[in-house]
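Read the structure below first, then the notes.
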Amino acid sequence: MLMELAYVALLLVVLIILAEPMGRYIANVFSGNRTLLSPLLRPMERGLYRICNVDELGEMSWKSYATALLIFNALGLIAVYGLQEVQLLLPLNPQAQGPVRWDTALNTAVSFMTNTNWQSYSGEQTMSYLTQMLGLTVQNFLSAAIGIAVAMAVIRCFIRKNTATIGNFWVDLTRSVLYLLLPLAIIWALIFASQGVVQTLGPYVNAQTLDGGVQTIAVGPTASQDSIKVLGTNGGGFFNANSAHPYESPTPLTDFLQVLGMLLIAASLPFALGHIINNPKQGRAIFAAMLVLYLMGLSLALWSETRGNPFLEKMGIAGGVNMEGKETRFGVVPSVLFAQSTTVTSDGAVDSMHDSMMPLTGLVFLFNMAIGEVIFGGVGVGLIGMLFYAIMTMFLAGLMIGRTPEIFGKKLEPFEMIMAVIGMLGPAVMVLILAGVAIILPTGLSSLNNAGPHGLSEILYAFASACGNNGSAFAGLNANTVFYNLATALGMIVGRFATILPALAIAGSLAQKRIVPTSVATLPIASPLFVIMLAGTVIIVGALTFFPVFVLGPILEQLLMQAGRTF
Amino acid sequence: MNKITDDLKTAMLLFIAFSLLTGLIYPLLMTGIIQIAMPEPASGSLIVVNGSVVGSELIGQNFTSPGYFHGRPSAVNYAGNGSGASNFGPTSKKLMELVSQRISEVRAENNLSSNAAVPSELVLTSASGLDPHISVEGAMLQVPRVAVARGIPESEAKVLVYQHIEPAQFGIMGQERVNVLNLNLALDELNRGGH
């Protein structure tokens, strides 16, 4: 146990050591300053602008920014859908994968466009290499880059005043890909490959197994997709089993780097915020609130999972160790650490099956997603989500002392409050509505793999994952039906754009305001009081919204399990 | 209106540029570099015996003969082109029935007493259905059966298991484990060498 806790500590130490300089680097990139990679990338960046008709200094209002973003997303949606339908006619398809069923293809296109990477298909049995590369890998980069771009637009507006513009979408997008995602993806892919992650365009391999059988082994260009899948908090696996598949995460080191990868950029962004607003302490306070929430959830999940399963123990399994749905090379604690990290961020890659985790472990993961993935969160959108909660916190603090709330030197007025509440509660309400519909409809219930309260958890998890743009699943639920493909696609769209559009609206409004000097009556953000209030607001809003349904799902299952009931 | 057409044009051009960059140049370049620098892992860490592929070091396979060490039960019967898990929840009656049955089988196959503790991974399915490893205890428990079936001394089989223990990486990452395919290949090697 001591060794395993040391492993957890190692991850956090490495993360904190890297996040601060990475945050400074991000701040420099988006402020247009010279960076380490500028000599190499700046010419490429300028070339792209020239070819693509981008005026680098051209500024956009929040509405133009949003329009550009929506047009760009629509193109991605069409491209991914189209590729899946015509993949049989295109090269790099050694297994002759045919056209994907329309509802699955639509769900996949929406899923990768929205940075969700929910997968109702099985990678190795559905997608050609070209679709994986030119369709899915591209969206892995672009959806992540869009999230970062929007976060940067919002942050930028805290230091702007009396202007109607928030930046240039094309420039933010391009810089995210070139300076941040691509270099990291190359490094991660090379390390992954050295550990055994496959990277080949050859056909699947036929093996004559030792014990007299035949095994067809799926391979493919995996390392290049595997790296961006974690770095961009996308999470869509090349193979069906995602990072549990030995070709996607062959060793404990790759497991460690995948966890680090999905937390890295998201955890750097609060630091980038601090640098850009010229107040690193305030950035650190936001990071601290995230870390506190992360550790609370992780502790509960570790406690729950390492206690083991009483049913298994009774049957004669030493310690009741719950290895169902877990890989031997990782073991229980790293699997929980991975699952906690993949659900607090919007990554959604899995190295173990969350459906088979203990009830309260699953509850923690459900909660992480249901609150909107603001604990580090998805790249860009996680910080945005946390800023919604921070705005709410300042509003509550303002109410207590009867003063107009402000944040980072900007006054918060009804418009910002309305937008923050839409961003905070929009996806959450969608989870409850869609889950409610699924429970009423026979077609919703017929997809269940588990009975009893665990079945409710499966449905809840699906929609929390979709609306949170996470993409992990209680995978027993058969989600490849017309109903679930369309319902989760709707959830993903609402989850994504009910976060991004209000955020841009807030950015537009903030840019117009003057900057007010801090006074003694301002709640200092760089203080333990604010950190505690922010973390508390997240927990209270999440609990108020979801407590009743959590009681009927995971909590009831835990109680009945202790009473010896199976389903 | 003009603004929208401009946006659309830029969007299309940038989309094509990024599709080429991140969807073709990047993955193909990585494929080239990785295939040249580390061809074996890049192609799947395949194991070739007498000129034919017998499997991948990283992908578990089904073993049922008493003379081989057995891996974990698999929800997909070790389909190398169809990874997957059972996704049974912790209170699933079906799971408990299956596990109970598997425990009885493991105890019967290995001549264990009816209340002997069984390592968790030997009777619970993995997340990928392709887990190539079992725990050291899981391998040790099978040593007597394998030794009898092969007609080799137990000590010899035990030494083989010890030789195939993969430690936690860097002493801190993951857990101690045994690669079942590698171990069984070594067993076959041993028998061939003996004759």
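The values are calculated or read from the model by the stated rules, or taken from the named source; none is laboratory data. Since the model is a prediction, treat every value here as computed from it, not as a measurement. All Cβ positions, even for glycine, are placed from backbone atoms using ideal geometry, and neighbour counts span all protein chains on display. Side chains included, ligands, DNA and RNA excluded: accessible areas come from the protein's heavy atoms. Shrake-Rupley method; radii C 1.70, N 1.55, O 1.52, S 1.80 Å.
Per-structure values
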quantity: Qualifying positions in region A:124-138 - touching a Phe, Trp or Tyr at 6+ places or on another chain (Cβ under 9 Å) and more than 9 Å from chain B (Cβ to nearest Cβ); calculated: A:Met127
quantity: Residues located in region B:91-118, provided they are open to solvent by less than 60 Å² (accessible area, probe 1.4 Å), more than 8 Å from chain A (Cβ to nearest Cβ) and not charged (D, E, K, R); calculated: B:Leu98, B:Val106, B:Asn110, B:Leu112
quantity: Of the criteria (1) closer than 30 Å to A:Tyr49 by Cβ; (2) open to solvent by 50 Å² or more (accessible area, probe 1.4 Å), which one B:Pro66 fails; calculated: (1)
quantity: A:Leu142, sole failed condition from (1) touching a helix residue (DSSP H, G or I) at 6+ places or on another chain (Cβ under 9 Å); (2) within 12 Å of chain B (Cβ to nearest Cβ); (3) open to solvent by 10 Å² or more (accessible area, probe 1.4 Å); calculated: (3)
quantity: Selection within region A:358-397 - open to solvent by less than 10 Å² (accessible area, probe 1.4 Å) and of a type outside the set (A, V, I, L, M, F, W, C); calculated: A:Pro359, A:Thr361, A:Gly362, A:Asn368, A:Glu373, A:Gly377, A:Gly378, A:Gly380, A:Gly382, A:Gly385, A:Tyr389, A:Thr393
quantity: Members of region B:157-189 found to be surrounded by fewer than 19 Cβ atoms within 10 Å (Cβ to Cβ), facing chain A (nearest Cβ under 9 Å) and under 15 Å from A:Thr251 (Cα atoms), listed by number; calculated: B:Glu166, B:Ala168, B:Gln169, B:Phe170, B:Gly171, B:Ile172
quantity: Test: A:Asn140 is polar (S, T, N, Q), touching a residue at least 60 places away in the same chain (Cβ under 8 Å) and under 18 Å from A:Asn234 (Cα atoms); calculated: yes
quantity: Any hit, region A:23-42, residues being in a loop (DSSP other than H, G, I, E, B), within 30 Å of A:Asn478 (Cα to Cα) and either open to solvent by 50 Å² or more (accessible area, probe 1.4 Å) or among the acidic types (Asp, Glu) (or both); calculated: no
quantity: Residue in region A:138-158 that is touching a Lys or Arg at 6+ places or on another chain (Cβ under 7 Å) and more than 16 Å from B:Gly23 (Cα to Cα) present; calculated: yes
quantity: Some residue of region A:481-498 being touching a helix residue (DSSP H, G or I) at 6+ places or on another chain (Cβ under 6 Å) and among the hydroxyl-bearing types (Ser, Thr, Tyr); calculated: yes
quantity: Members of region A:523-567 that are surrounded by fewer than 21 Cβ atoms within 10 Å (Cβ to Cβ), within 11 Å of chain B (Cβ to nearest Cβ) and within 22 Å of A:Ala435 (Cα to Cα); calculated: A:Leu556, A:Gln558, A:Phe567
quantity: Within region A:43-65, considering residues that are open to solvent by 100 Å² or more (accessible area, probe 1.4 Å) and not in a loop (DSSP other than H, G, I, E, B), the one nearest to A:Pro502 (Cα to Cα); calculated: A:Lys63
quantity: Test: residue in region B:125-137 that is among the β-branched types (Val, Ile, Thr), surrounded by fewer than 21 Cβ atoms within 10 Å (Cβ to Cβ), at the interface with another protein chain (Cβ under 10 Å from one of its Cβ atoms) and over 27 Å from A:Gly362 (Cβ atoms); calculated: no
quantity: Sole exception among (1) within 28 Å of the chain's Cα centre (by Cα); (2) open to solvent by 10 Å² or more (accessible area, probe 1.4 Å); (3) of a type in the set (Asp, Glu) for A:Glu416, by number; calculated: (2)
quantity: All positions within region B:77-90 that are out of contact with any His (no Cβ under 6 Å at 6 or more places or on another chain) and facing chain A (nearest Cβ under 9 Å); calculated: B:Tyr78, B:Ala79, B:Gly80, B:Asn81, B:Gly82, B:Gly84, B:Ala85, B:Ser86, B:Asn87, B:Phe88, B:Pro90
quantity: Region A:76-125, residues that are open to solvent by less than 30 Å² (accessible area, probe 1.4 Å), assigned to a helix (DSSP H, G or I) and not small (Gly, Ala, Ser); calculated: A:Val80, A:Leu83, A:Gln84, A:Gln87, A:Asp103, A:Thr104, A:Asn107, A:Thr108, A:Val110, A:Phe112, A:Met113, A:Glu124
quantity: Any chance B:Phe88 is open to solvent by 50 Å² or more (accessible area, probe 1.4 Å) and among the aromatic types (Phe, Trp, Tyr); calculated: no
quantity: Filter result for B:Leu185 (out of contact with any Pro (no Cβ under 9 Å at 6 or more places or on another chain), part of a helix (DSSP H, G or I) and touching a residue at least 60 places away in the same chain (Cβ under 8 Å)); calculated: yes
quantity: Subset of region B:114-148 [in contact with a Gly (Cβ under 8 Å, 6 or more places away or on another chain), in a helix (DSSP H, G or I) and more than 23 Å from A:Ser335 (Cβ to Cβ)]; calculated: B:Val146
quantity: All positions within region B:149-160 that are free of Cβ contacts under 8 Å to residues at least 60 places away in the same chain and part of a helix (DSSP H, G or I); calculated: B:Glu154, B:Ser155, B:Glu156, B:Ala157, B:Lys158, B:Val159, B:Leu160
quantity: A:Ile500 being over 30 Å from A:Lys63 (Cα atoms), assigned to a helix (DSSP H, G or I) and open to solvent by less than 40 Å² (accessible area, probe 1.4 Å); calculated: no
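For every residue, the table says whether it meets (1) basic (Lys, Arg); (2) facing another protein chain (nearest Cβ under 7 Å); (3) touching a strand residue (DSSP E or B) at 6+ places or on another chain (Cβ under 8 Å); (4) open to solvent by 10 Å² or more (accessible area, probe 1.4 Å).
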site	(1), (2), (3), (4)
A:Val205	no, yes, yes, yes
A:Thr209	no, yes, yes, yes
A:Pro221	no, yes, yes, no
A:Glu248	no, no, no, no
A:Leu253	no, yes, yes, yes
A:Gly261	no, no, no, no
